[in-house]
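Notes follow once the structure below has been shown.
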Amino acid sequence: MLNLVANNSMVTEHEAAPDRITSGPRGPKPRRTLSRRNIVVYGTLIVVALYYLLPLYVMIMTSLKGMPEIRVGNIFAPPVEITFEPWVKAWAQACTGLNCDGLSRGFWNSVRITVPSVIISIAIASINGYALANWRFKGADLFFTILIVGAFIPYQVMIYPIVIVLREMGVYGTLTGLIIVHTIFGMPILTLLFRNYFAGLPEELFKAARVDGAGFWTIYLKIMLPMSLPIFVVAMILQVTGIWNDFLFGVVFTRPEYYPMTVQLNNIVNSVQGVKEYNVNMAATLLTGLVPLTIYFISGRLFVRGIAAGAVKG
Amino acid sequence: MTSVSVRDLSLNFGAVTVLDKLNLDINHGEFLVLLGSSGCGKSTLLNCIAGLLDVSEGQIFIKDRNVTWEEPKDRGIGMVFQSYALYPQMSVEKNLSFGLQVARVPQAEIDKRVARAAEILQIQPLLRRKPAELSGGQRQRVAIGRALVRDVDVFLFDEPLSNLDAKLRSELRVEIKRLHQSLKNTMIYVTHDQIEALTLADRIAVMKGGVIQQLADPMTIYNAPENLFVAGFIGSPSMNFFRGEVAARDGRSFVQAGGVAFDVTAYPARTRLQPGQKVVLGLRPEHVKVDEAGAGDAAHQAVVDIEEPMGADNLLWLTLAGQSMSVRIAGQRRYKPGTAVRLSFDMGVASIFDAASENRL
């Protein structure tokens, strides 16, 4: 009899046990969407985004309005009548000094400056970085130190000496001269970038290639280059935006017919004669900023893909 | 006939001496293992032989040819690295043929050699894949294949199995041994893993501080270590050491260590042990007998502290007269902690070192 009671109590305990397990927390912990943390994070992000987007919004709206509508003064209002006239004028007719062929001339000048400067500077800097990281030649450390110190010397100090050097070389005032200047000034930071990247690649890969009989150039072209897409994209973003946005070197080292787009934009916006055409100015500014913006959008995606591809190393 | 010969090799990085007047002769077809803890100079020595590091002093001969100033590719060596070092953007086939293409070997010959290497290592199905699509074991096989296609006399392995998990490591270890038996090339193999060294090597060079401590076949290294460092480095768990003093009584020799007197009359000493001499007695865990002492044998009382059953064998940690020691016994013999046991020792396979010079006596 006693045994039976004991058995019974055991049975009930067994039945109760599963209940305890199922009633407790189970599976992923629920997260509230509208938590205090989310509100703070997203709130801040939205406010900051608006702060940066507002000027862009005003510029685009103004560039699409006619002058009469701008004179009304309501800068936040969208255009009543959309017109692309200011964009056409900025590109093809706006006057700087004597010539009135718009920003197009500056655009092509900038292209002719940026493309060779970017290619040459990246090519040289990547080889520099590769040599510094993998071939520990005599005086490599000294060379690298000098290069890095070069990155900290203010540009303004060097302008006049460079003018003289370019004049002696016979390339002062030409696009060639400006390309040389851009290439040289890109060198410290780009070499540092490439050196660190190549130094981060496994050293044994380099050793294996040497045992396989590959020399300086074969290792660079066949082994290192194909593994370095991400860093080349980073260098390209840096150089394209840097050189395209450059104003100082453009205005100092070239003649008016070779002025890059930024200098020409300044001349259009700051011209004192006649009426201030705000819509044309806005359109011209947007046109000038379009190239770096496009580079960010296109290569930003490439950049991420490059990193993902580089992540699975062999 | 020597295959690789290192003469008076020194290497300094600035003021730091990594290798100091090192001499090493490796016979043709020999499997030599360079064994040591990290920073002992074993990988540096391998890199010097490969030609990846310039030596500060000395000479290197491969097949009786002075290669001290030769480029790595001209030395007749193939090398396998710890991180595999496969070219990530190339397929397995390209990885294997890259060196041959650089050397402008005719395409027909390249195809032949790649096919042979792929067959030997059984990686034919992987030839089209990229290294990223391979497992660790497959990658290391390809890395070995890259050395194989070069058709060289000397293979250099720089810790090739250290990046693999335990199971793969033991599998590939057997494969490397099989490869050596069929190819009969000279192989120099760097590792810090003593199991790899003992299982693979014809001879082991145990290194410490850029100096070879002992160069001998695995069994000699294990059973008759030349000095205290080698004795402590080889073997897991480590050899039991007892510091003491030699004493002589009734025509028998003893090592008096703490409260224990070990009878070492049976020890095959190179020179007679002098009474009063300070020595270190080394006993491997498997050379201690537990509760097996016969009636006439000297036996010592000890207490079991911890038991570590490992399946095939059972490791006991004991306290013998205040000193901790480990003993390996058969797996089915179990002891509870606290049990008192009787120990007897096989002095014929013990090691005795001079306490001051740390060399074998």
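The phi-based Karplus calculation (6.51 cos²θ - 1.76 cosθ + 1.60; θ = phi - 60°) puts the 3J(HN,Hα) values of region A:135-152 at 10, 6, 6, 5, x, 4, 5, 4, 4, 5, 4, 4, 4, 5, 4, x, 6, 9 Hz, whole numbers, x for Gly and Pro. Remark on residue B:58: its backbone amide H falls under 5 Å from those of B:10, a criterion applied only to residues 5 or more positions apart or on other chains, H modelled at 1.01 Å from N.
Within chain B, the longest run free of trypsin sites (Lys or Arg not before Pro) that sit in a DSSP loop with at most 14 other Cβ atoms within 10 Å is B:1-103.
Contact order for chain B, expressed relative to its length and based on alpha carbon pairs under 8 Å spaced 6+ residues apart, stands at 15 percent. Considering only A:32, A:167, A:301, the Gaussian network model of chain A with Cα springs below 10 Å gives its largest mean-square fluctuation to A:32. Ligands, DNA and RNA are left out, and with a 1.4 angstrom probe the accessible area of chain B is 44 Å² per residue. Which pairs, out of B:73/B:177; B:63/B:184; A:207/B:42, put more than 19 Å between their alpha-carbon atoms? Flagged as over cut-off: B:73/B:177. Between residue B:307 and residue B:355, the simple spin-label model (points 7 angstrom out along Cα→Cβ) gives 3.6 nm. Every helix of 4 or more DSSP H residues in chain A counts as -39500 (n - 2.57), and over all residues that averages to -24000 deg cm²/dmol at 222 nm. Using the Karplus relation 6.51 cos²θ - 1.76 cosθ + 1.60 with θ = phi - 60°, the per-residue 3J(HN,Hα) values for region B:252-264 come to 10, 9, 10, 10, 8, 10, x, x, 10, 10, 8, 7, 10 Hz, with x marking Gly and Pro. 3J(HN,Hα) couplings calculated from phi for region B:20-27 with the Karplus curve 6.51 cos²θ - 1.76 cosθ + 1.60 (θ = phi - 60°) are, in sequence order, 10, 6, 8, 10, 7, 10, 10, 6 Hz; Gly and Pro show x.
Here's the list of lysines a cross-link from residue B:289 could span, going by alpha-carbon distance under 28 Å and ignoring same-chain residues fewer than 8 apart: B:278, B:336. Close amide H contacts of residue B:292 (hydrogens built in the peptide plane, cut-off under 5 Å, sequence separation of 5 or more or a different chain): B:344. Applying a 4.7 Å Cβ-Cβ cutoff to the protein assembly as shown, the cysteines left without a disulfide-compatible partner are B:40, B:48. Within the listed set A:217, A:244, A:87, the Gaussian network model of chain A (springs between alpha-carbon atoms below 10 Å) gives the highest mean-square fluctuation for A:217. Applying 1/(1 + (r/R0)^6) with r as the Cβ-Cβ distance of residue B:63 and residue B:336 and R0 = 51 angstrom yields a FRET efficiency of 0.25. Taking amide H as placed 1.01 Å from N in the peptide plane, residue B:305 has its amide H under 5 Å from the amide H of B:317, B:318, B:319, B:338, each at least 5 places away in sequence or on another chain. Within region B:207-221, name every residue whose backbone N is under 19 Å away from a label modeled 7 Å from Cα of residue B:270 along the Cβ vector. It comes to B:207-208, B:211-221, nothing else.
Taking label points 7 Å from Cα along the Cα-to-Cβ direction, residue A:169 and residue B:12 give a separation of 4.3 nm. In this calculation the C-beta distance from residue A:140 to residue A:203 is compared with R0 = 22 Å, giving a FRET efficiency of 0.90. Distance between the pseudo-spin-label points of residue A:100 and residue A:77 (7 Å out from Cα toward the beta carbon): 3.1 nm.
Summary of the geometry: region A:284-299 and region A:246-268, compared by the centres of their Cα atoms, lie 18 Å apart. Only the Cβ atoms of Lys and Arg (+1) and of Asp and Glu (-1) were treated as charged; on that basis the dipole of the protein assembly as shown about its Cα centre amounts to roughly 1280 debye. Here is the interface size for A with B: some 2000 Å² of accessible area buried, both sides summed, with a 1.4 Å probe. Annotation: extensible slack from residue B:278 through residue B:298 equals 5.0 nm (criterion: 0.36 nm per residue apart, minus Cα-Cα distance). On a per residue basis, region A:30-83 carries 84 Å² of accessible surface, using protein heavy atoms and a 1.4 Å probe. When a 1.4 Å probe is rolled over the protein heavy atoms, the share of accessible surface on chain B that falls to carbon and sulfur comes to 49 percent. On a C-alpha basis, how far is the centre of region A:208-237 from the centre of region B:144-170 in Å? Whole number, if you could? Centre-to-centre distance over Cα atoms comes out at 24 Å. Springs join every pair of Cα atoms under 10 Å in this Gaussian network model of chain A, and among A:36, A:255, A:112 the largest mean-square fluctuation is at A:36. Distances between every pair of Cα atoms in region B:103-199, grouped in 5 Å steps from 0 to the bin holding the largest one, split as 2, 11, 23, 24, 20, 12, 5, 2, 0 percent. Tell me, what is the FRET efficiency for residue A:221 and residue A:34 to the nearest 0.05, using R0 = 56 angstrom and their Cβ-Cβ distance as r? For R0 = 56 Å, the calculated efficiency reads 0.50. Identify all lysines with a Cα-Cα distance to residue A:276 below 23 Å; exclude those on the same chain that are fewer than 8 residues away in sequence. Cross-link targets: A:65, A:89.
The values are calculated or read from the model by the stated rules, or taken from the named source; none is laboratory data. Every value quoted in this text rests on a predicted model; they were computed, and no experiment measured them. Methodologically, a virtual Cβ is constructed for each residue, glycine included, from the backbone with ideal geometry; neighbour enumeration extends over all protein chains shown. Ligands, DNA and RNA are excluded from the accessible area calculation, which covers all protein heavy atoms including side chains. Shrake-Rupley method; radii C 1.70, N 1.55, O 1.52, S 1.80 Å.
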